[in-house]
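Comments concern the structure below.
The values are calculated or read from the model by the stated rules, or taken from the named source; none is laboratory data. In this text the structure is predicted, and so the values were computed from the model without any measurement. When we count neighbours, we look across all protein chains shown, and the Cβ atoms used for this are built from the backbone with ideal geometry, even at glycine.
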Amino acid sequence: MKPSRILFIHGFASSGAYKTADTLRILFRPCEVLAPDVPVSPEEALPMLQQTCLSFQPDLIVGLSLGGFWALQLRGFAKVCINPDLHVSRLLRTRIGTNEYLSPRKDGATSFCVTETICNAFEALEKRQFDFLDEWEKEHTAGMFADADEIVHCHDEFALHYPHALYYPGRHLPTFPELKRHLVPLVEQL
C-alpha cells in the first residue's frame, strides 16, 4: 500500500507540529500528511477527528500514543497505532490540573487543563473501545510497540483484538530511523 493521504494523530500534550508528522512527510513523499491539533476533551476530539476523516478521506491513519487510542476509534480506515495508550484515563489522573504543551499549537495555546470530567470521559471510551470490531477492521489495523517503552505497555491487550501487533527496538517516542526501518514496511504490508 502506497498511501496518498495520511492523517497523523499526535500524542498527549502535543500538537500536529510534532516531529513525527514531518517524518511521515519525508518517508511517504509525495503523500499528503494532515496533522491537526487535537482538543484535550474527548467530547471535542472525537467528533473533530471523525469529521476530519470524512472530509480528508485518509488512506492511512497513523496515531502515536494517545493518537493511537484515537485512531482505534476511527473505524473503517487502515491504521497503524504506534505505542497506543489503551488506558489514557490512568495517565491523565496523574496529570489533573494545568499542563504545558510540548509542541506549538496553531491556536497559540501553551497550556491546558486536565479535569476529573475529562478523565471520566476517556474511561467511558476505554470501556467500549473494542466493541463491534469486524474482520476488516482487525486486518487493516496494526500496532507497533517499543520493546523499551518507558510509558505505555499495551501490546498484549492490543494483540487480543488485532492480529498485527509487532515489537520494534526503541522507546516510547520513535526516532526517524526506527520509523523508516519498521513503519514503512508495515504500511506496505497493510
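If the condition is being among the aliphatic types (A, V, I, L, M) and either crowded, with 24+ Cβ neighbours inside 10 Å or touching a helix residue (DSSP H, G or I) at 6+ places or on another chain (Cβ under 8 Å) (or both), then the range 73-86 contributes LEU74, VAL80, ILE82, LEU86.
Results for (1) in contact with a Gly (Cβ under 6 Å, 6 or more places away or on another chain); (2) surrounded by fewer than 24 Cβ atoms within 10 Å (Cβ to Cβ); (3) at pLDDT 95 or above, shown as yes or no for each residue.
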{"site": "LEU7", "(1), (2), (3)": "no, no, yes"}
{"site": "LYS19", "(1), (2), (3)": "no, yes, no"}
{"site": "CYS53", "(1), (2), (3)": "no, yes, yes"}
{"site": "PHE56", "(1), (2), (3)": "no, yes, yes"}
{"site": "VAL62", "(1), (2), (3)": "no, no, yes"}
{"site": "PHE69", "(1), (2), (3)": "no, no, yes"}
{"site": "ARG93", "(1), (2), (3)": "no, yes, yes"}
{"site": "ILE96", "(1), (2), (3)": "no, yes, yes"}
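Considering each residue of the range 23-34 in turn, at least one proves to be in a loop (DSSP other than H, G, I, E, B), without any contact (Cβ under 8 Å) to a residue 12 or more places away in the chain and among the basic types (Lys, Arg). The residue list ALA146, ALA142, ALA165 contains one member that is under 18 Å from SER65 (Cβ atoms), surrounded by 14 or more Cβ atoms within 10 Å (Cβ to Cβ), touching a Gly at 6+ places or on another chain (Cβ under 6 Å) and in contact (Cβ under 8 Å) with a residue 60 or more places away in the chain, which is ALA146.
Within the range 102-113, is even one residue crowded, with 16+ Cβ neighbours inside 10 Å, among the aromatic types (Phe, Trp, Tyr) and touching a residue at least 24 places away in the same chain (Cβ under 8 Å)? Yes, the range 102-113 contains at least one residue that is crowded, with 16+ Cβ neighbours inside 10 Å, among the aromatic types (Phe, Trp, Tyr) and touching a residue at least 24 places away in the same chain (Cβ under 8 Å).
Scanning the range 54-64 finds one or more residues that are charged (D, E, K, R), farther than 23 Å from ASP107 by Cα and touching a Pro at 6+ places or on another chain (Cβ under 6 Å). The test for being farther than 18 Å from LEU72 by Cβ, out of contact with any Lys or Arg (no Cβ under 7 Å at 6 or more places or on another chain) and of a type in the set (Gly, Ala, Ser) does not hold for GLY143.
Residue under question is ALA121, and the condition is that it be of a type in the set (A, V, I, L, M, F, W, C) and without any contact (Cβ under 8 Å) to a residue 60 or more places away in the chain; does it hold?
The answer is no for ALA121.
Taking the range 62-149 as the region of interest, the helices (runs of 4 or more DSSP H) fully inside it that hold 1 or more residues being of a type in the set (A, V, I, L, M, F, W, C) and under 12 Å from the mean Cα position of the chain (by Cα) are 66-73, 88-93.
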